[in-house]
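The values are calculated or read from the model by the stated rules, or taken from the named source; none is laboratory data. Note that this is a predicted model, so its numbers are computed, not measured. Here the Cβ positions follow ideal geometry from the backbone for every residue, glycine too, while neighbour counts run over all protein chains shown.
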Amino acid sequence: MTAKTLSQILNIKHPILIAPMFLVSNTNMIIAALEMGCTGAIPAHNYRTDKELRNAIYTIRNSSDKAFGFNLIVNKSNPKYRKQLLTLLDLKVDYIITSLGSPREVIEKCKPLGIKVFCDVVDVKYAQKVEQLGADAVIAVNSDAGGHCGSMKAGDLIQQLRAEINIPIISAGGVTNCNDIKSIIECGAAGVSVGTIFIASHESPVSNEYKQALVNFGSDDIVKTTKLTGSPLTVINTPYVQKIGTKENILEWMIHNSPLLKKYAKMILAWKGMRKVQQSAFKAGYDNVWCAGPAIGEIREIRSVKEIINDLIED
């Protein structure tokens with residue numbers, strides 16, 4: 001069976017999804033993407049209140065009739081999960097991307113409403129589980145993704161998934177230009193999810209220091225750290241990151257692996273880590289932690305979302 005392309009699934013011109021990025025994604029970025037024939041998603045977590053989340057959906061809907069979506073953290077570390085899901089169902093967004101947990105409830109409630117569900121996966125085992133649950137596609141998060149990343153290269157991950165699942169595969173990580181997209185599509189992906197290069201856009205709300213860091217640093221300056229959230233997170237290797245290290249110390253390891261403390265430790269660590277990332281995104285300081293993927297090696301200047309997309313679709 002030939003899986004549908006992302007363009008066919010969402011009725012868009014280009015099989016390109018601007019990835020949902022914590023603190024970064026906003027309505028201006030999504031509207032620009034829709035105008036260019038692409039799609040985009042925003043983490044529901046980017047909005048503090050239900051009113052703000054609803055207003056974001058209304059703002060996009062008033063500007064375009066094209067498909068857009070939201071990312072939903074579906075595990076217990078997200079206390080707003082249930083309310084956010086109810087709002088996304090109520091306003092019938094086009095699709096939901098699930099992360100960090102079982103998408104069972106999301107899929108069951110979205111199916112009757114015609115809302116698509118794409119699930120983040122990093123391996124075959126989890127991809128098979130979400131396919132069985134009824135997911136419409138998987139977001140295959142590879143080792144070149146920014147933020148929380150996988151462990152496999154894009155081509156290897158896509159090849160393994162194609163052999164074991166029959167739903168569309170959207171590749172996430174490492175895309176910077178149209179040639180990257182061609183290679184990913186030739187591997188058998190239905191589309192691509194692109195994040196890092198859009199952080200350095202005019203529409204991005206993060207600080208100029210953060211954006212300039214994406215221009216100044218290169219691919220070799222990206223490291224994976226488990227220090228912040230307990231899960232592998234790709235960040236720029238600034239002097240502060242070098243100072244605190246990228247590995248858990250013995251006490252942290254013991255807490256995270258204790259059967260008694262593990263669940264609560266992960267919740268607390270994730271909250272503290274995201275608070276640190278949030279503080280760094282909007283102000284300059286010696287202790288900044290900036291999330292990004294190896295794609296920063298191709299960022300030469302700060303540009304508009306439309307200019308960046310032009311590089312992705314020029315052929």
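Some points to look at:
- Conditions (1) under 23 Å from I18 (Cβ atoms); (2) touching an Asp or Glu at 6+ places or on another chain (Cβ under 9 Å): number failed by G134: (1)
- Any chance A127 is closer than 29 Å to I185 by Cα, assigned to a loop (DSSP other than H, G, I, E, B) and of a type in the set (G, A, S): no
- Of the residues making up segment 152-190, just one is assigned to a loop (DSSP other than H, G, I, E, B) and of a type in the set (D, E, K, R), namely K153.
- Subset of segment 106-118 [under 16 Å from N71 (Cα atoms) and in contact with a Leu (Cβ under 8 Å, 6 or more places away or on another chain)]: V106, I107, K109, C110, I115, K116
- Check on I31, surrounded by fewer than 21 Cβ atoms within 10 Å (Cβ to Cβ), part of a helix (DSSP H, G or I) and either under 20 Å from the mean Cα position of the chain (by Cα) or touching a residue at least 60 places away in the same chain (Cβ under 8 Å) (or both): yes
- Checking the stated criteria, D94 turns out not to satisfy the condition of being without any contact (Cβ under 8 Å) to a residue 12 or more places away in the chain and under 20 Å from T27 (Cα atoms).
- Candidates S204, S193, filtered to the one that is part of a loop (DSSP other than H, G, I, E, B), under 18 Å from the mean Cα position of the chain (by Cα), at pLDDT 90 or above and buried (at least 21 other Cβ atoms within 10 Å of the Cβ): S204
- On the stretch given as segment 71-96, residues that are farther than 10 Å from A44 by Cβ and either surrounded by 18 or more Cβ atoms within 10 Å (Cβ to Cβ) or not aliphatic (A, V, I, L, M) (or both) total 10.
- Odd one out for Q84 among (1) closer than 26 Å to I30 by Cα; (2) modelled with pLDDT under 95; (3) over 14 Å from the mean Cα position of the chain (by Cα): (2)
- Sole residue being modelled with pLDDT of 85 or more, surrounded by fewer than 21 Cβ atoms within 10 Å (Cβ to Cβ) and either assigned by TED's automatic domain parsing to the domain that holds G174 or over 30 Å from H14 (Cα atoms) (or both), chosen from N249, N237: N237
- Residue match in segment 58-74 (condition: free of Cβ contacts under 8 Å to residues at least 12 places away in the same chain, under 17 Å from the mean Cα position of the chain (by Cα) and in the same structural domain as K129 (by TED's automatic domain parsing)): no
- Qualifying residue in segment 79-88 (condition: part of a loop (DSSP other than H, G, I, E, B) and farther than 20 Å from G147 by Cβ): yes
- Across segment 207-231, the number of residues qualifying as surrounded by 17 or more Cβ atoms within 10 Å (Cβ to Cβ) and in a loop (DSSP other than H, G, I, E, B) comes to 7.
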